[in-house]
Amino acid sequence: MGETSVLTTCPRDCYDSCGIRVVLQDGEIDRVTGDADHPANRGSLCGKCTLAYNGVWRDPAARLTRPLKRTGPKGEGDFEEISWDEALDIVAGRLNALIEAGRATDILTGHYTGTCSIIANQFPMRFFNHIGATEIDPDSICNLSGHVGLGYVLGESAKGFDPRTAKDSRCLIVWGANPSASGPHVDKHWLAEFPGTLIVIDPIRTPTAERADIHLRPFPGTDAALAFGMMHALKEAGCLEPTFIEAHTVGFDDLEPLIDDWTPARAGAATGVAEADIRAAAKAYGAGPSMLWLGQALCRAPTGGNAFRTAALLPALTGNIGKPGTGVNFLNGKGPTRGMDMGYLGRADLRKNEAAPLSHMDLRSHLESAPRDKALLLWNINVAASNPDQRKLLDALRSEKLFTVVVDLFMTDSARYADIVLPAASFLEFDDIVGSYFHLSLGPQTKAVSPVGEALPNQEIFRRLAAAMNLEEPALFEADGPILNRMLEPFGLSFDELKARGTIFPETEPVVLWENLDFPTPSGKIELASAAAEADGHPRLPQPDPLARPTADRLRLLTPASEWHMNSSYDNEPRIRDRTDPATITLHPDDAAARGLKEGDTAQVANENAALILTVQVSDMTPPGVGWAPKGRWPGAAPEGLNVNALNPGLRSDMGNSTALHGVEVTVTAA
Ligand SMILES: Nc1nc2c(c(=O)[nH]1)N[C@H]1C(S)=C(S)[C@@H](COP(=O)(O)OP(=O)(O)OC[C@H]3O[C@@H](n4cnc5c(=O)[nH]c(N)nc54)[C@H](O)[C@@H]3O)O[C@H]1N2
Ligand SMILES: Nc1nc2c(c(=O)[nH]1)N[C@H]1C(S)=C(S)[C@@H](COP(=O)(O)OP(=O)(O)OC[C@H]3O[C@@H](n4cnc5c(=O)[nH]c(N)nc54)[C@H](O)[C@@H]3O)O[C@H]1N2
Ligand code: SF4
Ligand SMILES: [Mo]
């Protein structure tokens, strides 16, 4: 057979959705590399995936290869291999017993974006919808506050701008995103080639911030005050667009007094940003056409929903939306921006449990509440590493009463607490479709090799479980092939044609989203003031008030995306461990000096919830009052058995019952 290659698409939770070329020798994978012709990554893969996809992801010794049954105490990692039939019979028996007892809602499904390919990400929800299980709201661990906040303003939060329209733009604000880690090719190509003024708003001087013409460094959680200061400066400079405001927004008269109150000087005092820099940023944005990118960390403050509402006022007041080179982008959903029928995948119409989903912020307490003999099925998610309240959550997972099933590629911390572990196939091992949440593209996920051992794609696992439970709903058994073709129908393509073409843009030319300025809000306009928000218990208007700063002995802890991890993935890749050990916290030189700490010292990072020992790095990339310790390490690999999420008691944002992990405060002392 010699050398052949397969074109596929990276399905991880990343802005890039890179094109991948899998090179095979005699049908076996020789190497996983970037696709030189792919518009997003142009040949390279990120460092972390280059190592992981050529390492643990293909290493049968690192992967789960057979179903496992627990033989020792939970958390210890003692398992025996069993057959698929036996594993599915055990799970089916437990779930059917709960359903027959009228307790289907005590079956909890926790899932997120371990893989974002559409069938593996959504199809299992058909099973859970049909049996009437309780869903743990996926976005509540990530960005739900942003969706709710932006939803109040625009009526739709998953329709932003087409990045290709940047060629027509003269200014871009990147607010609370760090694509140098979270979308490295967006950073390296799209941002580097942006034709106008680049403004980055981030307390940390990230590599993305280093690219900026203007870097504003507000203290975390003070972004709304900054936005009001910018609106004041825009008004003074005559950059507000009265005609646009009149025609396409509601609530300006209510909002204007707040704008007048928040001078750039006042905003500067509240945020720590120099007044002149606020004015300079407003001037560049106001000149337009201007784009605004709202990153996912902006909504992870306790006031994150409000921050989103406030930042979204800038395009509304200056008319920077609905025209080439403008817009406000959070995430581009495949339904709202590519017309795909995403609801078909998970079949929400089959849903039997009408109750609101559970928030991840309530998972621990819910597991602790009676009756304790619930069932918890986790797939595409690693709650033991990534959820807050980690110590108590691990205690709850340790309960012998709870029945836990984990579907993953690896023996993660969560899997160690499972009764039954089921091996999932990786994206290299089955066909699917990947749609970027930044670029308006769609790419094939093409099977390159057979799954390792007995691993199966998520969707096949849940088909087999449905059969083992004697369920009869036909939708639970639909095969992948027809679903793939159905999802591509709007584009007049079959899956085989997509595979042959590689990544496509359903709209071949750049699209101006919101061009008709028709907003699905109650008023049909952009809602500067929102009665819907008020009805939900929020202020009618976005509020400028900054989040209170920590007291002098404490630091705010920021734990955003790491360059070397994909959320909690890849910490088991030895070459990534070599690059990321030991676990660090970066402190501003003044904060380090005040604590008698220097580079390389070990420090105790602690609060009411936990204490961790981390190695100190000293750099003014971190502002005074802030500690920076990126996410992604496996708690089980640390001496304490915990990671930074043990320091978060489960802080909630102001909207959506969603995580506010960047509100965590810690003391840092010499260890
Ligand atoms: N401190 C801190 N904590 C955070 C965050 C933060 O910024 N700071 N961010 C939060 C956010 S935004 C998120 S989204 C969460 C994400 O947190 P995690 O749930 O840890 O996310 P991932 O590591 O992307 O994926 C979860 C698991 O999916 C597995 N997986 C990959 N492909 C497949 C597959 O095909 N099938 C199955 N069954 N499993 C697969 C991976 O091996 C991995 O163990 O973490 C949250 N936690
Ligand atoms: N390499 C890598 N890529 C990833 C991930 C990963 O773990 N690793 N995770 C993926 C997932 S699930 C997500 S949700 C995205 C997240 O990716 P992004 O949207 O980029 O968000 P974060 O990485 O959480 O944080 C981005 C920046 O926001 C800053 N920030 C924190 N608090 C505030 C604040 O109050 N105000 C302002 N203005 N800035 C603040 C942080 O300092 C950080 O530099 O990345 C995805 N891509
Ligand atoms: S994680 Fe992101 S940067 Fe890395 S290969 Fe996948 S899409 Fe590309
Ligand atoms: Mo996320």
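Points to keep in mind about this one:
- Selection status of residue 503, open to solvent by less than 60 Å² (accessible area, probe 1.4 Å), touching an Asp or Glu at 6+ places or on another chain (Cβ under 6 Å), at negative phi and not charged (D, E, K, R): no
- Residues of the stretch 124-180 that are of a type in the set (D, E, K, R), part of a helix (DSSP H, G or I) and more than 15 Å from ligand 2 (Cβ to nearest atom): 126, 164, 167, 168.
- The residues on offer are 623, 639, 630, and the sole one that is more than 23 Å from residue 565 (Cα to Cα) and assigned to a loop (DSSP other than H, G, I, E, B) is 623.
- The residue of the stretch 567-583 that is nearest to ligand 2 (Cβ to nearest atom), among those that are surrounded by fewer than 17 Cβ atoms within 10 Å (Cβ to Cβ) and closer than 20 Å to residue 642 by Cβ, is 577.
- Count of residues meeting criterion [within 19 Å of residue 393 (Cβ to Cβ) and among the charged types (D, E, K, R)] in the stretch 404-451: 4
- The residues listed here are 288, 327, 251; of these, the one that is at pLDDT below 95 and at positive phi is 288.
- Residue check for residue 541: more than 16 Å from ligand 4 (Cβ to nearest atom), buried (at least 16 other Cβ atoms within 10 Å of the Cβ) and not small (Gly, Ala, Ser): yes
- Restricting the stretch 449-467 to residues that are crowded, with 19+ Cβ neighbours inside 10 Å and of a type in the set (Gly, Ala, Ser), the residue that is farthest from ligand 2 (Cβ to nearest atom): 466
- Yes/no for residue 280 being open to solvent by 40 Å² or more (accessible area, probe 1.4 Å), at pLDDT 95 or above and in the same structural domain as residue 162 (by TED's automatic domain parsing): yes
- Residues being closer than 18 Å to residue 625 by Cβ, open to solvent by less than 20 Å² (accessible area, probe 1.4 Å) and not aliphatic (A, V, I, L, M) - total across the stretch 205-222: 6
- Near pairs, Cβ below 6 angstrom, 6+ apart or cross-chain, from the stretch 118-143 (more than 19 Å from residue 425 (Cα to Cα) and open to solvent by 10 Å² or more (accessible area, probe 1.4 Å)) to any residue that is within 15 Å of ligand 1 (Cβ to nearest atom) and of a type in the set (D, E, K, R): none
- Residue match in the stretch 167-175 (condition: surrounded by 21 or more Cβ atoms within 10 Å (Cβ to Cβ) and out of contact with any strand residue (DSSP E or B) (no Cβ under 6 Å at 6 or more places or on another chain)): no
- When the stretch 282-294 is limited to residues that are out of contact with any helix residue (DSSP H, G or I) (no Cβ under 8 Å at 6 or more places or on another chain) and outside any strand (DSSP E or B), the one that is farthest from ligand 1 (Cβ to nearest atom) turns out to be 287.
The values are calculated or read from the model by the stated rules, or taken from the named source; none is laboratory data. Only a predicted model underlies this, so the values are computations on that prediction, with no experimental measurement involved. Methodologically, a virtual Cβ is constructed for each residue, glycine included, from the backbone with ideal geometry; neighbour enumeration extends over all protein chains shown. Heads up: the accessible areas ignore ligands, DNA and RNA and are worked out on the full protein's heavy atoms, side chains in. Shrake-Rupley method; radii C 1.70, N 1.55, O 1.52, S 1.80 Å.
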